[in-house]
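A.B. asks: Handing you this structure, nothing more for now.
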Amino acid sequence: MALLSTTAILLRSYPFSETSQILRFYSDSHGVLAAMAKGVRRSGGKRGGALRTFSEGILSVGFRDNRDLQTFREFSTTRTRPGLGTDPVRLAAASVLGELILQHAEGEGNPLLFASLGRGMDRMESAHRNRLLSDLLVHLWSLIQGLGFGPVVHECVQCGSGFSEGEMGRFDFSAGGLRCHSCQESTQGPRMGPVARAQLHSLLDGRPPEELTKPLTHLRVASDFVTYHISGGTPLRSMAVLGDLIARENA
């Protein structure tokens, strides 16, 4: 068994016994890593005291190829992101990013995707509350594209024609993009006019609009896209939690 040390973000933990946990990390060198952490629920210190979800640091495990569950040695944190734990909406937004990675990322290193996830977690902690959904959408679409997916929005996904200035398109989730007016007869997805399309372009380019129109609609579009293309037809559970929290705040 080799000793592996890698930069990682703790995305989820599960109790295994009264003293042990199963931990799931995303690492820059080996992608998703799951580890059995024996005794951490009673040990404290470096082994157990800093196991805060979404914290980032240097993970050490006893590693064997072709093994689903590695042996946890130590996790020395460099970023704990405590602000996520003080606000349930921020925590739910970070959970959306983490669940997306756990749903589809593989056991191979992807430093660019790891860095994108880290930036997203940082932003969920620091973003102004009024811009949290806009910033979440920017980082969510960034991860979706980093996983090799992304909607076709600059032209019709069916016929390839561009959109006229005032044209009303419609999102076809199964096809993975927008249909023009001529091709949307049998499509049941949400309609997107020029303002919504321009804002979606901006989000995909990593630029949150100054004032995002109907942010919950944009969130549903991203959620449905993930459901169709990444999470195997099942919506992200954290997305439902986030939606419920926002609905309660707006009630």
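A.B. asks: Within the range 220-251, work out how many residues are part of a helix (DSSP H, G or I), of a type in the set (A, V, I, L, M, F, W, C) and within 12 Å of the chain's Cα centre (by Cα).
C.D. replies: 3
A.B. asks: Out of the residues in the range 144-165 that are within 26 Å of the chain's Cα centre (by Cα) and on the phi > 0 side of the Ramachandran plot, which is surrounded by the most Cβ atoms within 10 Å (Cβ to Cβ)?
C.D. replies: Gly150
A.B. asks: When you go through (1) within 27 Å of the chain's Cα centre (by Cα); (2) free of Cβ contacts under 8 Å to residues at least 40 places away in the same chain; (3) not in a loop (DSSP other than H, G, I, E, B) one by one for Gly189, which number turns out not to apply?
C.D. replies: For Gly189, the exception is condition (3).
A.B. asks: Might you check whether a residue that is in a loop (DSSP other than H, G, I, E, B) and under 30 Å from Phe173 (Cβ atoms) occurs anywhere in the range 118-133?
C.D. replies: Within the range 118-133, one or more residues are in a loop (DSSP other than H, G, I, E, B) and under 30 Å from Phe173 (Cβ atoms).
A.B. asks: How many of the residues making up the range 197-233 are β-branched (Val, Ile, Thr) and touching a strand residue (DSSP E or B) at 6+ places or on another chain (Cβ under 8 Å)?
C.D. replies: Number of matching residues: 1.
A.B. asks: Taking the stated definitions as given, is Gly160 assigned to a loop (DSSP other than H, G, I, E, B), modelled with pLDDT under 90 and in the same structural domain as Leu140 (by TED's automatic domain parsing)?
C.D. replies: no
A.B. asks: May I pose another question? Do we find that Leu178 is assigned to a strand (DSSP E or B) and surrounded by 20 or more Cβ atoms within 10 Å (Cβ to Cβ) in this structure?
C.D. replies: Yes, satisfied.
A.B. asks: Does the range 139-157 contain any residue that is assigned to a loop (DSSP other than H, G, I, E, B), in contact with a Phe, Trp or Tyr (Cβ under 8 Å, 6 or more places away or on another chain) and closer than 30 Å to Asp65 by Cα?
C.D. replies: yes
A.B. asks: I've got another one for you. Looking at the range 203-226 only, could you name the residues that are farther than 13 Å from Leu140 by Cα and among the polar types (S, T, N, Q)?
C.D. replies: Thr213, Thr217
The rows are residues; the columns are (1) surrounded by fewer than 16 Cβ atoms within 10 Å (Cβ to Cβ); (2) modelled with pLDDT under 95; (3) touching a Ser or Thr at 6+ places or on another chain (Cβ under 7 Å); (4) not assigned by TED's automatic domain parsing to the domain that holds Gln103.
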position	(1), (2), (3), (4)
Gln188	yes, yes, no, no
Met192	no, yes, no, no
Leu200	no, no, no, no
Ser223	no, no, no, no
Ile230	no, yes, no, no
Gly233	yes, yes, yes, no
Ser238	no, no, yes, no
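A.B. asks: Looking only at the range 31-70, filter to residues that are at pLDDT 90 or above and among the basic types (Lys, Arg); which one of those is farthest from Arg123 (Cα to Cα)?
C.D. replies: Residue satisfying both the conditions and the ranking: Arg64.
A.B. asks: Pick out the one residue from Arg79, Arg90, Arg52 that is of a type in the set (Lys, Arg), under 29 Å from Gly150 (Cα atoms) and under 21 Å from the mean Cα position of the chain (by Cα).
C.D. replies: Matching residue, one of Arg79, Arg90, Arg52: Arg90.
A.B. asks: Taking Leu212 as meeting all but one of (1) in contact (Cβ under 8 Å) with a residue 60 or more places away in the chain; (2) outside any loop (DSSP other than H, G, I, E, B); (3) farther than 20 Å from Ile101 by Cα, write down the number of the exception.
C.D. replies: (2)
The values are calculated or read from the model by the stated rules, or taken from the named source; none is laboratory data. Since we're looking at a predicted model, the values are computed, not measured. Heads up, the Cβs are rebuilt from the backbone with ideal geometry, glycines too, and the neighbour counts pull from every protein chain shown.
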